[in-house]
Amino acid sequence: MTKTVLITGASSGIGLRTAAYFADQGWNTIATLRQPQPESELARRANVQMLRLDVEDGASIDAAIAAGIKRFGAIDALVNNAGYGQFGLFEALSPEQIQRQFAVNVFGVMAVTRALLPVFRRQGRGIIVNVSSGAGLFTLPMLSLYCASKFALEGFSEALAYETAAVGVGVKLVIPHGGVTETHFTQRQAGESVSAPEIADYLPFQAKTRRAFADMSAARSISALDVAQVIYQAATDGTSRLRYLVGDDGRGFIHARQELPEEDYIAFMRATFS
């Protein structure tokens, strides 16, 4: 029987490539986004349904799930991909920016997951794949909110996996790291950096940090399709594995976090941005 996946944040980048990849593998694909694009190439596929879903709008979540089940009869997998990275000095960010980073990256994931869990329980099966980030394993300056949201996602997913295993539902974390092409992450950082208020005491540090980020962006080596393929693997491999890393650790951040003593790890990371 053909399986069905619901994917959030399918307008571009990883979400778009993941929706197309699942559809190419014969899955019924519910591609959700805040502003549906009915004339897109993805929407013209017979096994793809494009629906509005804003992770901050509970009514839109419920409506998308209901519409997907009405068309395809069931939902077998959820890919929580919607999210963004808030860039900037923590001290310079507004309370509204702080709240929204968690509203989308954490509470949005929780809301969609919570809405689908009763469906999965009734079916006695289901897979939840949460798209995390290397920034949920190590931290980066100027991305304190993004790192905090991804650390929260990592902890939530790991704890949730213990609970849902009791009802036949798996939870997976896919962790892109090293930079991904075909996303708007760097462009958004640049725009927010220009518009953010400046604090003179931080300016020398910010200049060094921007140079480090520029070098890191130039070294990006994995594509959104690479990540999509690992998301598909996580959803279909039938294992209880929790974490799937995908990327190039040429900068050594993953190795430093996992292998070095704490003091050496902190010294290594600080040296990168000094």
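The values are calculated or read from the model by the stated rules, or taken from the named source; none is laboratory data. These numbers come from a predicted model, not from an experiment. Please note: Cβ atoms are built from the backbone with ideal geometry, for glycine as well, and neighbour counts cover all protein chains shown.
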Name every residue in region 34-82 that is of a type in the set (Asp, Glu), under 23 Å from residue 102 (Cα atoms) and free of Cβ contacts under 8 Å to residues at least 12 places away in the same chain, in order of residue number.
57
Given the criteria at negative phi, touching a helix residue (DSSP H, G or I) at 6+ places or on another chain (Cβ under 8 Å), surrounded by fewer than 16 Cβ atoms within 10 Å (Cβ to Cβ) and at pLDDT 95 or above, does residue 71 qualify?
no
For region 21-71, give me each residue that is farther than 12 Å from residue 7 by Cα, aliphatic (A, V, I, L, M) and touching a Leu at 6+ places or on another chain (Cβ under 6 Å).
67
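Just to be sure I understand, how many residues within region 24-53 are closer than 23 Å to residue 173 by Cβ and surrounded by fewer than 21 Cβ atoms within 10 Å (Cβ to Cβ)?
The qualifying residues number 1.
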State the number of residues belonging to region 248-274 that are outside any helix (DSSP H, G or I) and at pLDDT 95 or above.
2
Would you be able to say whether some residue in region 8-21 is under 13 Å from residue 112 (Cβ atoms), outside any helix (DSSP H, G or I), of a type in the set (A, V, I, L, M) and under 17 Å from the mean Cα position of the chain (by Cα)?
yes
Among the residues of region 85-108, are any closer than 14 Å to residue 7 by Cα, touching a residue at least 40 places away in the same chain (Cβ under 8 Å) and of a type in the set (A, V, I, L, M, F, W, C)?
no
Return the pairs, sorted by first residue and then second, in which the second residue is among the charged types (D, E, K, R) and surrounded by fewer than 24 Cβ atoms within 10 Å (Cβ to Cβ), the first residue lies in region 14-33 and is without any contact (Cβ under 8 Å) to a residue 12 or more places away in the chain and over 11 Å from residue 229 (Cα atoms), the beta carbons are less than 8 Å apart, and the residues are 6+ apart or on different chains.
none
Yes/no for residue 79 being touching an Asp or Glu at 6+ places or on another chain (Cβ under 7 Å), crowded, with 21+ Cβ neighbours inside 10 Å and within 23 Å of residue 154 (Cα to Cα)
no
What is the residue count in region 114-159 for residues that are in contact with a strand residue (DSSP E or B) (Cβ under 6 Å, 6 or more places away or on another chain) and either surrounded by fewer than 18 Cβ atoms within 10 Å (Cβ to Cβ) or of a type in the set (Val, Ile, Thr) (or both)?
4
Please specify each residue of region 230-263 satisfying the condition of being under 18 Å from residue 13 (Cβ atoms) and surrounded by fewer than 16 Cβ atoms within 10 Å (Cβ to Cβ).
248
Step by step: first the residues of region 192-228, then only those that are in contact with a strand residue (DSSP E or B) (Cβ under 8 Å, 6 or more places away or on another chain) and modelled with pLDDT of 85 or more, then the one that is surrounded by the most Cβ atoms within 10 Å (Cβ to Cβ). Which residue is that?
227
Filtering region 160-183 down to residues that are in a loop (DSSP other than H, G, I, E, B), surrounded by fewer than 21 Cβ atoms within 10 Å (Cβ to Cβ) and either on the phi > 0 side of the Ramachandran plot or of a type in the set (D, E, K, R) (or both) yields 168, 178, 182
For residue 56, which of the numbered conditions (1) acidic (Asp, Glu); (2) within 20 Å of the chain's Cα centre (by Cα); (3) part of a helix (DSSP H, G or I) fails to hold?
(3)
Does any residue of region 57-74 turn out to be of a type in the set (Asp, Glu), out of contact with any Pro (no Cβ under 8 Å at 6 or more places or on another chain) and farther than 20 Å from residue 108 by Cβ?
no
Kindly provide the set of residues from region 74-99 that are in a loop (DSSP other than H, G, I, E, B), of a type in the set (S, T, N, Q) and out of contact with any helix residue (DSSP H, G or I) (no Cβ under 7 Å at 6 or more places or on another chain), ordered by number.
94
